[in-house]
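Take a look at the structure below.
Derivation of every value follows stated rules applied to the coordinates shown; laboratory data play no part. Fair warning: this is a prediction, and the values are worked out from it, not measured in the lab. Reconstructed Cβ throughout: ideal geometry from the backbone, glycine too, with neighbour counts over all protein chains shown.
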Amino acid sequence: MNHKYLEPEMLQGFDNYKYSAIDNSPLSTYVMHPFWNRVVLLCPRWMAPNLLTFLGFLLTATATILLSYYDWNFSNDSIPGWVFLAAGILIFIGYTLDGIDGKQARNTGTSSPLGELFDHGLDSWTAALIPICLYTVFGRAEYSVPPYRYYFVIWNVFLTFYITHWEKYITGTLFLPWGYDLSMLTTTTVFTVMAFTGREFWALQLTDTLYLGRVIEMFFYLSSMLPTLPVCILNIRKSYIEKTGKNLELKEAIRPLAPLATLAFVTIPWATLSKTDLLENHPRAFYLMTGNVFSNITCRLVVSQMSGTRCRTTNGLIAPVIGAAILSFCFPMFEVPLLYGLLILTTWAHAHYGICVVDQMCDHLGIRAFKITPREKMK
């Protein structure tokens, strides 16, 4: 756990980093921030902001594990109501902790590049876990979305999250999407409703052929990628006109899109052309494996953006995915073991990357990740 992922120039770049973000969502401004301002007052002064961030992620991960235990293949129609209620509560508390970690940092005077990196890195993993949790709500009944189509819904969430950080890589400012807070509150509401109604709630027919469960698929697209991409392009264009961003050449500006595009070009054909029908028989494993690699790609983009270094066009975790996909087409009998092997490998590799990067940042800044260091003891 002592691998040095961050190069010296990256560490030096963090020393010059200045946080810049714009959050003008009405829901965030008038509802969530006032709520978080009150909640953060309940936190003791000794509690490190990163600890709040990590606890929030652990709660979301716990909800994922709980739902996975009761419905690994999204086909169990008799999930106890308390499971959905617990998942909703865990996700909401995790979301709240994620909302107050920055406020706690400012209240305790412990804001640092590590805090933002830690926060956004775990957020990228959460961005993969939340939609997977939500699919448990619908299952794969006739009124729901089949697993292969839901894989594109998950990719829609990935792209929405990623282009926001790609936008920051170019403009230097993080423009928080308006749909984020709405999506988290909607997720909490959906799980709470499910605790008292069950999956049959989504069987409501709006027309002779259209079920409520399938309307949610359209809601995912209409509330995330479709409204976010045009705003992102406009913000990038404005930064070039006003020369407020990096004003990168086109080739440099699109570099960060290369690793994510590669992951899509590998996993989507593998999933849709699988000889053992992986998305039908093992959808959660495939979703989670893809989410691990997506989070790793995003974390490395965040590191490049914050350190002012050039983003790479490749990612080491894609290589074993390519190898597994090729072997699966050549030897279908090994496809399922390869998938679960990849799931274990990518989970371990991404966790290893995160732990080592945090450790390097702590050494460089002279702080501890989960403990507030008195300023006189800091380097």
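Numbers below:
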item: Sites L226 and F334, calculated FRET efficiency, Cβ-Cβ separation with R0 35 Å, nearest 0.05; result: 0.35
item: Residues with amide H under 5 Å from that of R368, placed H, sequence gap 5 or more; result: T373
item: For region 22-42 and region 317-379, distance of Cα centres in Å; result: 32
item: Computed over the chain: relative contact order in percent, which uses C-alpha pairs under 8 Å that are six or more apart; result: 26
item: Local net charge near E9, Cβ-Cβ under 12 Å (Lys/Arg +1, Asp/Glu -1); result: -1
item: Region 1-98: chymotrypsin sites (Phe, Trp or Tyr not before Pro) falling in loop per DSSP and having at most 12 other Cβ within 10 Å; result: W46
item: L174 long-range amide H proximity, modeled H, under 5 Å; result: S20, A21, I22
item: Only Lys, Arg (+1) and Asp, Glu (-1) charged, at Cβ; the chain dipole about Cα centre in debye; result: 940
item: Length released on extending from T189 to H3, taking residue separation times 0.36 nm less the Cα-Cα span; result: 62.8 nm
item: Under 13 Å from the L234 label point (7 Å along Cα→beta-carbon), backbone N, region 164-200; result: 178
item: Phi to ³J(HN,Hα) by Karplus 6.51 cos²θ - 1.76 cosθ + 1.60 over region 69-85, Hz, x for Gly, Pro; result: 5, 7, 7, 4, 9, 6, 10, 8, 8, 10, 6, x, x, 5, 5, 5, 5
item: Inter-site label distance for N37 and N107 at 7 Å from Cα along Cβ, in nm; result: 1.3
item: Per residue, the convex hull volume that the Cα atoms of the chain enclose (Å³); result: 149
item: Estimated [θ] at 222 nm from DSSP helical runs (n ≥ 4, -39500 (n - 2.57)) normalised by residues in the chain, nearest 500; result: -23000 deg cm²/dmol
item: Total lysine pairs whose alpha carbons fall under 23 Å of each other in the chain (8 or more apart, or interchain); result: 21
item: Pairwise FRET efficiency - I93 versus N247, Cβ, R0 = 45 Å, nearest 0.05; result: 0.60
item: Efficiency of FRET between A351 and E142 - r from beta-carbon atoms, R0 41 angstrom, step 0.05; result: 0.60
item: Region 161-281: C-alpha gyration tensor shape, a/c 1.5 cut-off, then a/b vs b/c; result: oblate
item: Zone of Q205's modelled label, taken as backbone nitrogen in region 121-152 under 13 Å from a point 7 Å along Cα→Cβ; result: 143
